[in-house]
Structure formats: C-alpha cells, structure tokens
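The values are calculated or read from the model by the stated rules, or taken from the named source; none is laboratory data. Quantities reported herein were computed from a predicted structural model and do not represent experimental measurements. We place every Cβ from the backbone using ideal geometry, glycine too, and count neighbours over all the protein chains shown. Areas reflect the complete protein model, heavy atoms only, side chains present, ligands, DNA and RNA absent. Shrake-Rupley method; radii C 1.70, N 1.55, O 1.52, S 1.80 Å.
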Amino acid sequence: MRRLLVRGWPSAGLYAGPVAWLASTQGNYALVSWDCAHRLPAVTALAALLILVSLFGGLLSWRSYRRPPEAATVPGQRAGSLDAPDGGRPHRLVAAMGVLLALLFALAIMVHGAAGLVFSGCER
Amino acid sequence: MSDAAPLPRDLPRDLRDTDLDGPALSERLARIWGTGRGVIARLSSVDHKVIGRRYIATAFLFLFLGGLTAIVMRLQLARPENGLVGPDTYNQLFTMHGSTMMFLFGVPIGEAMAVYLVPLMVGTRNIAFPRLNAFSYWVYLSGGLFLWISFLLNIGPDVGWFAYVPLSGPEYSPGKRADVWAQMITFTELSGLAVAVEIIVTVLKQRAPGMTLDRIPLFVWALFVNSFIIVFALPAVMLASTFLILDRLIGTQLFNPAEGGDALLFQHLFWFFGHPEVYIIFLPGTAFVSAIIPTFARREIFGYLALVLSLIATGFLSFGLWVHHMFTTGLPQLGAAFFTASSMLIAIPNGLQIFCWIATLWDGRPVWRTPLLFVCGFFFVFVAGGLSGIMLASVPIDTQVHDTYFVVAHFHYVLIGGNVFPLLGAIYYWFPKFTGRLMSERLGRWNFWLVFVGFNVAFFPMHISGLMGMPRRVYTYGPEMGWGDLQMLSTAGALVLFSGFLVFFWNVAASLRRGDIAGPNPWGAGTLEWAAASPPAPQNFDRIPLVTHREPLWAERAGLPVATGLSAAYRELVVTSVAEAEPQLREASPEPSIWPLVAALAVGATFIGSIFTPHAVLWGLPPIAAALTGWFWPKGTPEDEA
C-alpha cells in the first residue's frame, strides 16, 4: 500500500471517480425512501464516503503524474506540457485525466450529497 | 523508406512489402485488398471503405425520408384545423420521423463515418472484424427496410419513437404496428453494437506504430468513447423492446401493473438508453468539429488534454441523467435532485469543449470554407440548445413545459445543432477523400445559409408555441388557441430548411460528376487519412505509417516515416500495444465472404417472423446456425493459419 501511495497509479482516478459517481447515483437513488422512513441523512453520508473514494483515486493518479520523468515507465518518455503536440507520454496523459476526472466526479457526488441536506426524501 | 522500423518477422518467409516498391507494390496490395467485380463479389466485400460508403449513403437516404415525414407534418400544422392528413396517419408520421431519425440516421451516421475514417486515421488497412462489419450493415439495412415497407403497407408504428407502455402494450395497440417498432429496434441496435465493438478493437489494437494514447486524433477519441457508450446503453433498449414483444406476443405481464408488472420499468429501461443516445448522436459531431477546426484554423488544437477529458467525462455522465426525462412521473424530489445535479454538471465538460474550439480559432488564421461555416453554425445552434437543456434540467420548469413544443424545439436544437450541422461540414470536408473530387463552394454557401436560416425560423418559434401551451403530437388545433401564426412561421422555416438539404444533395450529385479533382490532401490537413490517395486505395497505405506527432502530416512534411515487413502476398496488418502503440505481432485480416450477407438474411427473417409467432425463433435457428458455420468454416486461407 505504501509503495502504491509513493509510486501512484496513473489510471486510478479514471476508475475511482466514475465508479464512485455511479455508486452515488444508484445507491443514493435507492436510499431516498430509506432516508424518508428513518429520518437519517444516509444520502449525505454515502456521498461523503464516495467523495473520499473518488479523491483517493485522484491522489494515486496525482502521485503518478508527479513522478520524475526519468523514473517513468515508457522508454523515451519526456517531461513537458501535455498539450505539446508531439505527444509520446501516454501514461502521463492518463494520470492527468485521472486527477481531473476524480475532481469532477467528486464535485458531482458532492452536489448529490448536498441535495440530501435540503430534502428529507419524503417530498413529492 | 527513410526511418523505416522493421516489424517482427515470426511468420515463414514470403513476399513482403520490403521486396517490392513503387507501383509494383501498390498494384499488388490493391489486388490483395480489393473488392472484386460482379454482383457476388460486391456483396461479399469486407473493405471498411466500401461498407462505410454504403452506411453513409443509406443513413442519408433515411435522413431524407425522415425529412419528408417532417415536411408533411409541418404542412398539416401550418394552419388550424387543417385536413391534409388524419390523426391515424399523423400518429404514424411522427413515429416514423422520430424512429427514423434516431435509430436509422442518428446512431448509424456517426458509426458510418467511423467505419470509413477511423482505420484511415489510425493508419491501418481495415477495421477489426471486417466480416462482422459487413454483417452489421446488412442487418441495419434490413431493419430500415422492414420499418419503411411496413409504413408503406399501412402497418407503420404509431406509438411515438419511445413507444411508452401501456399505449404500446397489447391492450391499447392491437395489430402489428407496435411490434414493427420493437423489432426494428432489435435490428438496428444489433448492428450498432457490432460496429461499436469493431471501433473499440480497431482503436485499441490496430493503431499505427508510434500512435501513443496522447497522439490519437480527437476524432478517433470521440468515436472511441462513443462506442463505449453504445456498448453500455443499447442493451437497455433491446431489453425494453424484447420485454414489450414478450408482453404482446406470448402474454408475459412485465409492464402490466395489474399483474405485478411495472409500467415505469419500461421508461427506466428506455431512457437509460435514451439519454446516452443524445450523446451517441452528439459525440460524432464533436469528432467532426475537432477534425475540421485545426485544419481551417491552421494550427494544432488548443487544449488536447481538456478535450479528451471532456469526452470521457461526458461519456460517463451521460449515464446519470436519464431520470430527467421522467420528472413528471411522481418521483421523490430528493431522487429527482440527483439527476438535476448531473444534468447541470454535464455542461462543464461540454462548455470546456466549446471554449477549446473557440480558442483554437481565436489563435489561428481561419480560412472560411464551407466546413468551417457549418462548425460556426454548430456553435450557435448547439449552445442555444444546451441553454434550454439547462432550463429543462430544473424540475419546476420541466414540469411546466413537459411534452410541449418547447421540448421539441430544445431537442432539435441539440440534435440538429450537435450532429447535423457538423455532419454537413464533415461531408464537405471529407468528400474529396471519399470521391477524389471537391464539392462546389458556391453551392456549399447556399446550402449553409438556407439550412441555418431555415432551421432557426422553423424551430425557434416552437419555444414560444410550447410556452403558450401547445402540446407535441397533436395532429391539429383550434384557431382559438392562438398558435396559428407561429406554426405557419415554423412551416415556412421547415420548407427553407428542406430546400437547403435539396441544395446539399444536388451539390453531392453534381460534384460526383464534375467536381474539381482534389488530390490526396486538398485542405493541407495534418491527420493520417490525408496521407492516403483520394479516394484511398483498397490497402489504404502501401506501407504502414510510423507516427511521431498528433498531426503527422504537419510534423513530417518531407514524407512520413514508415514501418515495413508486412506481407505482400496476403492480407496482413500490424497489431500494436494499447498505450504506447508498439508493434506486437502481424495478424492476417479476413478476406471477402458472402456469409455475412447470408447470416444477416437468416437473422432478419427470424426477427420478422418472430413478431408473428414465437415458433419463428425455432425455425430461424437452423438457417442462422448454417450461415454462421459457413462463415467460420476453415477455408485453407492464410487467415486460418495466422
């Protein structure tokens, strides 16, 4: 685990963000009637947990993105802007997408959770 | 041959592309990869360009037919209490219009362009699973003909393009009309899934050496993400339509609440497909825009990472919006709020794309040719549709305007703006590649302005008609409603829009015969398809390009480096790794075969028979099994030995 945290995992945010958001969409949709019946903010609690999942994926992608280029996995890989049109740094591109997608989906889950602070689940 | 990178040579020594050069190599490869003469040979073709051309032509035929239904509807609604068509015909017309545009044009046209262009853009010689590709086209054609022949026989579906139960169920829709709709879905979705799988595998495993993930053209990224959306979305609607047929044909009660079924289940299944469908139609539009803008702005795209990110984010988020189509079904407000949130958040990646495209134009030196005009039309129309979409994501507004002409206006702005405008630009852009000739620029400008003005005159007033309370799918209305003037204006706009399409078809027909000769790269574009001849040779490239840049033709102006070592004796292509596109192995590619057509006919007969009797499934199995056996039977070709 420690090694994973140090080295990172380029595509982690790419998986964790969308999966957490899908779980939030489906799980929280199913929890609405439970929220109403028990008067407990389960939707908000689940959303908070899934935000952490998404951000953890983003963190692993970030660790990978920040690794020095000489330690990278692809021979010939160079440092520099990802927008440079010569490309050739596919794992760095994936890591950057992982970070940004994790942040976007954390935002989406946060908005789901915020709805749980406004509604009790009983309103029709 | 400069900078040639030899490929692995693990097969027995035979004639390779290193043994020949120039015209001798071109002619030999063209003979190996070409489609023969004669009817059987043409029906057996597995060349992605031949099948792509057929797909594109067929999809445009259905666009034209769908447009004709729209014109008849607009003429009927031009004035109050008009008697041009009766309610029964009108019900069939709007169902045929929606079904044709969504299932026979909207989804297939993006895949059609992908079938033709993706293999060229990634620098390979054919699409993955080329026989499946041929099969998918024949299934698509069969489904389209089935729907339209049914309509001509007065058994066309009349339950709307989403065919809600209980209206489409056995109790309220006796006869075969709803069955025709349901089985047409099965045809077209089967075809769509097949193409999606082909595109995914082509992009992941057949990219030219050196085309790392961050050198993939944005066109290819968009259609790659689109294919994943198709793979996950289309099974939901196939399930819905199959359940509907089961309810109608063998008496299951899946959607009948009185017997423990659930009518809302149909809506959930349908819209779990139906909302991603909007993005299945839109993402190819983004693909066209991302290809056209750098060429005519004369600079590399601004924000490559942001654009790829937007595509992937849109792909995922498109699956979390479907319930906003069901806001008036009595959902708890908390549940609806999740879908409002995602519906509004999807504006972030889509807005990001628009800004990146504008920034590219801003920093470039734009050349205002017809393809770029259509892209600018896309900006205006699609953004307007997106703004009304944000309004509809709000439950209170959606509740007020649900099922009114406001919604009709919104989704036409999104779908025509997001797909048809970029598509017309794309046809002008790639017509030289498809045919070797340029389209007329003068007619192109007439085409653009007629379509742009006609579209806005037709559809903008519908926002107001909807806010005035005019419901969709009414075949007429009374003069006291006060909708007459706006409806007349919409009809006038629709006629102008239609005339714009007539100019387009005229331009295509005239340019095919008399257009200026294009040459391989008439626009000075940077992606690989422009390295091939116009129209491309059957083998696409004599030697597989070696990619060092996102715009290889701009980076390697002296001539593309190539990879060598592929067979010049049989069909062979190179398989590369997913991330780095390093050559891994040589793979034989299937030869032409008539069996995909035979299999499609057997499948089609079974599908059609099964709406009359469940026993057709049993009768249909032996012919399908025989066709598939013939398809896969070893024939002693290199394909079997590789």
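What the table shows:
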{"quantity": "DSSP-defined antiparallel bridges as percent of all bridges, the protein assembly as shown, nearest 5", "calculated": "85"}
{"quantity": "Degrees separating the helix A:42-66 axis from the principal Cα axis of chain A, which is the longest one", "calculated": "0"}
{"quantity": "Zone of A:Cys36's modelled label, taken as backbone nitrogen in region A:83-124 under 15 Å from a point 7 Å along Cα→Cβ", "calculated": "A:116, A:119-124"}
{"quantity": "Sum of -39500 (n - 2.57) over DSSP H runs of 4+, divided by residues of the protein assembly as shown (222 nm, nearest 500)", "calculated": "-21500 deg cm²/dmol"}
{"quantity": "Degrees separating the helix A:90-118 axis from the principal Cα axis of chain A, which is the longest one", "calculated": "10"}
{"quantity": "Buried area at the A-B interface (accessible, heavy atoms, 1.4 Å probe, summed, Å²)", "calculated": "3400"}
{"quantity": "Per residue, in Å², the accessible surface of chain A once ligands and nucleic acids are set aside, probe 1.4 Å", "calculated": "50"}
{"quantity": "Fraction of beta bridges assigned by DSSP in chain B that are antiparallel (%, nearest 5)", "calculated": "85"}
{"quantity": "Approximate spin-label separation B:Arg445-B:Ala510, in nm, with each point projected 7 Å along Cα-to-Cβ", "calculated": "1.4"}
{"quantity": "Per-selection metrics, the protein assembly as shown (Cα): Rg and Dmax in Å", "calculated": "26.4, 84"}
{"quantity": "Isolated Cys residues of the protein assembly as shown, judged by Cβ distance under 4.7 Å to other cysteines", "calculated": "B:Cys356, B:Cys376"}
{"quantity": "Sequence-distant lysines (8 or more away, or on other chains) whose Cα lies within less than 18 Å of B:Lys433", "calculated": "B:Lys49"}
{"quantity": "Peptides ranked, highest mean first, by Cβ atoms within 10 Å: ranges B:159-168, B:603-612, B:354-363", "calculated": "B:159-168, B:603-612, B:354-363"}
{"quantity": "Placed amide H near B:Tyr477: partners under 5 Å, 5+ positions off or other chain", "calculated": "B:Glu81, B:Asn82"}
{"quantity": "Span-like helix ranges in chain B, DSSP H, alpha carbon extent 30 angstrom or more, Kyte mean at least -0.5", "calculated": "B:48-77, B:130-152, B:177-205, B:218-249, B:263-297, B:370-392, B:441-467, B:484-514"}
{"quantity": "10 Å Cβ neighbours from other chains, averaged over peptide B:203-214", "calculated": "3"}
{"quantity": "Region B:335-455: relative contact order as a whole-number percent, Cα under 8 Å and 6+ apart", "calculated": "33"}
{"quantity": "Unit charges at the beta carbon, dipole of chain A: most positive-side option, A:Gly8, A:Ala95, A:Ala37", "calculated": "A:Gly8"}
{"quantity": "Residue-averaged beta-carbon neighbours from other chains (10 angstrom radius) around B:576-584", "calculated": "2"}
{"quantity": "Highest to lowest packing among B:319-327, B:461-469, scored as the average C-beta count within 10 Å", "calculated": "B:319-327, B:461-469"}
{"quantity": "Inter-chain Cβ neighbour average for residues B:117-126, partner chain, 10 Å", "calculated": "0"}
{"quantity": "Total charge dipole magnitude, the protein assembly as shown, about the Cα centre, Cβ charges on Lys, Arg, Asp, Glu only, Debye to nearest 20", "calculated": "1280"}
{"quantity": "Cα long-axis angle, helix A:12-38 against chain A (0 to 90 degrees, to the nearest 10)", "calculated": "0"}
{"quantity": "FRET E, pair B:Gln584, A:Leu52, Förster distance 41 Å, beta-carbon r, rounded to 0.05", "calculated": "0.60"}
{"quantity": "Heavy-atom accessible surface of chain A: percent carbon and sulfur, 1.4 Å", "calculated": "69"}
{"quantity": "Extension reserve of the B:Val383-B:Thr328 stretch, reckoned as 0.36 nm per residue once the Cα distance is removed", "calculated": "17.2 nm"}
{"quantity": "Amide hydrogen neighbours beyond the local backbone of B:Thr564, cut-off 5 Å, H modeled", "calculated": "B:Ala5, B:Leu7"}
{"quantity": "Apportionment of accessible area to carbon and sulfur, region B:512-602, percent (1.4 Å)", "calculated": "56"}
{"quantity": "Solvent-accessible area per residue for region B:486-637 (1.4 angstrom probe, square angstrom)", "calculated": "41"}
{"quantity": "Computed lengthening from B:Thr637 to B:Asp21, 0.36 nm per intervening residue step minus Cα-Cα distance", "calculated": "219.3 nm"}
{"quantity": "Sites A:Arg3 and B:Thr629, calculated FRET efficiency, Cβ-Cβ separation with R0 60 Å, nearest 0.05", "calculated": "0.70"}
{"quantity": "From phi via Karplus (6.51, -1.76, 1.60), per-residue ³J(HN,Hα) for region B:535-547 in Hz, x at Gly/Pro", "calculated": "x, x, 5, x, 8, 6, 10, 5, 10, 5, x, 10, 9"}
{"quantity": "For B:Arg437, distant residues with modelled amide H under 5 Å away", "calculated": "B:Ala518"}
{"quantity": "Relative contact order (%) - criterion: Cα under 8 Å, at least six apart; region: region B:40-514", "calculated": "16"}
{"quantity": "Ranked by how many other beta carbons lie within 10 Å on average, peptides A:48-54, B:134-140 from highest", "calculated": "B:134-140, A:48-54"}
{"quantity": "Surface accessible to a 1.4 Å probe, B:Leu152 within the full protein complex, Å²", "calculated": "130"}
